[in-house]
Amino acid sequence: MSTVKKAVVRQGFKTGEFVVYPSHGVGQITAIEEQEVAGFKLELFVVSFSKDKMTLRVPTAKAASVGLRKLADAEQVAKALNTLTGRARIKRTMWSRRAQEYEAKINSGDLVAIAEVVRDLYRSEAQPEQSYSERQLYEAAVDRMTREIAVVDDVTETEALKKIEGQLAKSPRRASKASEADADADNDLEGDNDDMQEEAA
């Protein structure tokens, strides 16, 4: 019998495989363990997130219900990158409500939904500054996208980020739009400069 260690497969996932856990992003299944809990044997995926220096144990039977998924395929990556070049869709709701929606999209683990957050919160050099909370959500979304695209395309995170930034540069936001937005921003109670930005379109 060969001594090559075979990958163990459970619920369609195998050891060594990169996966996406909705609230943490890309991780790797390093092992499948058995633990005894209250007299019951429980089989667990050990998912390691090296960048966050964190390990999660997910019951194999609950993998689907917690949203563990395989990496996006090339088509999904292309769709997500294409989303970045679209026009930002900013709702006229209070920032706190929008922030919750953005956070839900980031933690959904859905690459296209995460790309929508990146697109909607992106600021070019010519545009007004972001608030601290906008910037944090934007960076969290970009980080999630960058990590997944890097693993899918087998490139470094720096190269993946360049790809994302290249797509954002093609989005229809231009300096003239930004100055219109500045003029309109005075009408916005919360001072969120992005509310009025794309309304004319």
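The values are calculated or read from the model by the stated rules, or taken from the named source; none is laboratory data. Because the structure is a prediction, the values reported are computed rather than measured. Positions of Cβ are backbone-derived with ideal geometry, glycine not excepted, and every protein chain shown enters the neighbour counts. Please note that ligands, DNA and RNA were not included when accessible areas were found on the heavy atoms of the full protein model with its side chains. Shrake-Rupley method; radii C 1.70, N 1.55, O 1.52, S 1.80 Å.
Some notes on this structure:
- Only residues that are modelled with pLDDT under 90 and within 18 Å of the chain's Cα centre (by Cα) were counted in the range 42-68, giving 3.
- Restricted to the range 35-141, the set of helices (runs of 4 or more DSSP H) holding at least 3 residues that are open to solvent by less than 40 Å² (accessible area, probe 1.4 Å), more than 18 Å from G16 (Cα to Cα) and touching a Ser or Thr at 6+ places or on another chain (Cβ under 9 Å) comprises 95-106, 111-121.
- Here V118, V37, V112, V66 are screened, and the one residue that is of a type in the set (A, V, I, L, M) and in contact with a Leu (Cβ under 8 Å, 6 or more places away or on another chain) is V118.
- Residue within the range 156-167 that is open to solvent by 50 Å² or more (accessible area, probe 1.4 Å), β-branched (V, I, T) and either under 27 Å from V26 (Cα atoms) or at pLDDT below 95 (or both) present: yes
- Some residue of the range 2-14 being in contact with a Leu (Cβ under 9 Å, 6 or more places away or on another chain) and in a loop (DSSP other than H, G, I, E, B): yes
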